[in-house]
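Novice: This is the structure I want to talk about, given as structure tokens.
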Number of protein chains: 2
Amino acid sequence: MSVRSQAEIPDIVIGRLPLYLRALRRLQQEEKSVTSSHELGRRLDISSAQIRKDLSHFGGFGKQGTGYQIEFLIDKLQDVLQVNQEWLVAVIGAGNLGIAISHYRGFQDRGFRIAHLFDISPKKIGQRIGEFVVQPVSSMREIICAEGIKIAMLAVPAEDAQTVADQLIEAGVRAILNYAPININVPEDVQIQYIDPVTHLQHMTFYLDA
Amino acid sequence: MSVRSQAEIPDIVIGRLPLYLRALRRLQQEEKSVTSSHELGRRLDISSAQIRKDLSHFGGFGKQGTGYQIEFLIDKLQDVLQVNQEWLVAVIGAGNLGIAISHYRGFQDRGFRIAHLFDISPKKIGQRIGEFVVQPVSSMREIICAEGIKIAMLAVPAEDAQTVADQLIEAGVRAILNYAPININVPEDVQIQYIDPVTHLQHMTFYLDA
């Protein structure tokens, strides 16, 4: 584990920081320069007390009564999350989802740049997709090692996800965002997060009047 | 709010149920018929005590020492989450992401069927995408009302998300899965969930050695 995680800040707090950062950047786009935990709270549907408490883990970001300087707080959060740099990302799987991810423009100004798109299918390898040429999974390990890529997004079928994840980790990847609808086992020093729209939909249907 | 939410089960517990359901169905695919909180816990990286506690909110699903009957537990969780039926879903936005969502096969056997794909662009309206013909946003309200659609997935640009969400809610939608990287305000009786890959990536970079 890195030094950063030893500060014992609850992971759930870390998980909210990207939301704060996103909301702050939105406020900045609206040409605001100062905000408050109340304004952030309203926008994010999080209590202002929670926001103040979360941010207090990282030192004093604002003074009582004067609010937060938006630009300053953005800088601080980007430092804390280490996205004041550009991380290279490999995408594995050039199906519809991998293609959509590769075309998505929301990564680059938030700390990430997709560097490679890999697939296993001979039909896809060599195809041009946006600015990428699909590369064979067989060359994935070498490329990821050589370029020191630490982050991968997995858009492969569920049955291939664990195998591909194992290969990625062997190649040096330390953070995987998995879109395949299956849980993956990773070593303790590897981060894993999941995106599965169905789990979100099923969460919401609990509350619906059927 | 529906009767179901008055049971005061913490929302974070409800949020884990779809993960349990997904893992149980995977076990079923592996032709297992019985599991334990320990086995589920290992697969999900959640403590077995947490799993037992979560499931205890909904009555007795297993006996001490004998484990959980997988099929029975799947049925129960599907009942609780109300996905023992098929919910129609509208997708708004026929860009790369909307197209990927429309092609995704993981919805149908988990309680959802995409019924319509809407877009505002004259270039896209009328196009055939997989099994869908892209329909104009101008007819969205009427169609959603007429068919009683309660769930929508938003794959529109951030700047359009609030407006489209407002229209959806007016038409009767009560659950929105928002892929646009922006927070949306919805009335209390409307569920909202978010998918933003960047927030997941930024969560993970906190822990990486830069």
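Novice: Scan the stretch B:178-210 residue by residue and report those that are within 7 Å of chain A (Cβ to nearest Cβ), within 22 Å of A:GLU39 (Cβ to Cβ) and part of a loop (DSSP other than H, G, I, E, B).
Specialist: Answer for the stretch B:178-210, where residues must be within 7 Å of chain A (Cβ to nearest Cβ), within 22 Å of A:GLU39 (Cβ to Cβ) and part of a loop (DSSP other than H, G, I, E, B): B:PRO181, B:ILE182, B:ASN183.
Novice: Still on this model: Say we look at the stretch B:92-101 and pick out the residues that are part of a helix (DSSP H, G or I) and more than 18 Å from B:ALA175 (Cβ to Cβ); which of these is farthest from the chain's Cα centre (by Cα)?
Specialist: Checked the stretch B:92-101; the qualifying residue farthest from the chain's Cα centre (by Cα) is B:ASN96.
Novice: So is B:VAL89 within 24 Å of B:ARG25 (Cβ to Cβ) and not in a helix (DSSP H, G or I) or not?
Specialist: Yes.
Novice: Right, something else. Could you list, in sequence order, all residues of the stretch B:10-41 that are over 16 Å from the mean Cα position of the chain (by Cα) and under 14 Å from B:LYS53 (Cα atoms)?
Specialist: Scanning the stretch B:10-41 gives B:PRO10, B:SER36, B:SER37, B:HIS38, B:LEU40, B:GLY41.
Novice: For A:ASP109, only one of the following conditions fails: (1) in a helix (DSSP H, G or I); (2) within 13 Å of chain B (Cβ to nearest Cβ); (3) over 16 Å from B:THR205 (Cα atoms). What is its number?
Specialist: Of (1) in a helix (DSSP H, G or I); (2) within 13 Å of chain B (Cβ to nearest Cβ); (3) over 16 Å from B:THR205 (Cα atoms), only one is false for A:ASP109: (3).
Novice: For A:ALA175, indicate whether it is within 8 Å of another protein chain (Cβ to nearest Cβ), within 18 Å of the chain's Cα centre (by Cα) and open to solvent by less than 10 Å² (accessible area, probe 1.4 Å).
Specialist: When the stated conditions are applied, A:ALA175 passes them.
Novice: Only one of B:ILE74, B:ILE125 is of a type in the set (Val, Ile, Thr), farther than 25 Å from A:PRO181 by Cα and modelled with pLDDT of 95 or more. Can you tell me which?
Specialist: B:ILE125
Novice: Next question. Restricting attention to the stretch A:151-170, does a residue exist that is within 11 Å of chain B (Cβ to nearest Cβ), charged (D, E, K, R) and in contact (Cβ under 8 Å) with a residue 60 or more places away in the chain?
Specialist: No, every residue in the stretch A:151-170 fails to be within 11 Å of chain B (Cβ to nearest Cβ), charged (D, E, K, R) and in contact (Cβ under 8 Å) with a residue 60 or more places away in the chain.
This table checks each residue for (1) more than 14 Å from the chain's Cα centre (by Cα); (2) in contact (Cβ under 8 Å) with a residue 40 or more places away in the chain; (3) open to solvent by 10 Å² or more (accessible area, probe 1.4 Å).
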{"position": "A:ASP79", "(1), (2), (3)": "yes, no, yes"}
{"position": "A:HIS116", "(1), (2), (3)": "yes, no, yes"}
{"position": "A:ILE120", "(1), (2), (3)": "yes, yes, yes"}
{"position": "A:LYS124", "(1), (2), (3)": "yes, no, yes"}
{"position": "A:ARG128", "(1), (2), (3)": "yes, no, yes"}
{"position": "A:VAL134", "(1), (2), (3)": "yes, yes, no"}
{"position": "A:VAL137", "(1), (2), (3)": "yes, yes, yes"}
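Novice: Would you mind stating whether A:GLU71 is assigned to a helix (DSSP H, G or I), touching a residue at least 40 places away in the same chain (Cβ under 8 Å) and either among the acidic types (Asp, Glu) or open to solvent by less than 20 Å² (accessible area, probe 1.4 Å) (or both)?
Specialist: Here the answer is yes, as A:GLU71 does meet what is asked.
Novice: Shifting gears a bit: Which members of the stretch B:82-104 meet the condition of being more than 7 Å from every other protein chain (Cβ to nearest Cβ), surrounded by fewer than 24 Cβ atoms within 10 Å (Cβ to Cβ) and farther than 24 Å from A:LEU208 by Cβ?
Specialist: Within the stretch B:82-104, just B:GLY95 meets the criteria.
Novice: Here is a check on your reading of the model: is A:LYS76 over 22 Å from A:LYS150 (Cβ atoms), more than 8 Å from chain B (Cβ to nearest Cβ) and outside any helix (DSSP H, G or I)?
Specialist: Here the answer is no, as A:LYS76 does not meet what is asked.
Novice: Could you list all residues from the stretch B:139-170 that are modelled with pLDDT of 95 or more, of a type in the set (Gly, Ala, Ser) and open to solvent by 10 Å² or more (accessible area, probe 1.4 Å)?
Specialist: B:SER139, B:ALA146, B:GLY148, B:ALA155
Novice: Additional query: I need every pair where a residue in the stretch A:1-26 that is assigned to a loop (DSSP other than H, G, I, E, B) has its Cβ under 6 Å from the Cβ of a residue that is modelled with pLDDT of 95 or more, sequence separation at least 6 or different chains.
Specialist: A:SER2/B:TYR207
Novice: To continue, here is another question. Among the numbered criteria (1) hydrophobic (A, V, I, L, M, F, W, C); (2) open to solvent by 20 Å² or more (accessible area, probe 1.4 Å); (3) touching an Asp or Glu at 6+ places or on another chain (Cβ under 8 Å), which single criterion is violated by B:PHE112?
Specialist: (2)
The values are calculated or read from the model by the stated rules, or taken from the named source; none is laboratory data. All values reported here derive from a predicted model rather than from experimental measurement. Neighbour counts are summed over all protein chains in view; Cβ atoms, including those assigned to glycine, are modelled from backbone coordinates with ideal geometry. Remember, those area values only see protein heavy atoms, side chains included, never the ligands or the DNA or RNA. Shrake-Rupley method; radii C 1.70, N 1.55, O 1.52, S 1.80 Å.
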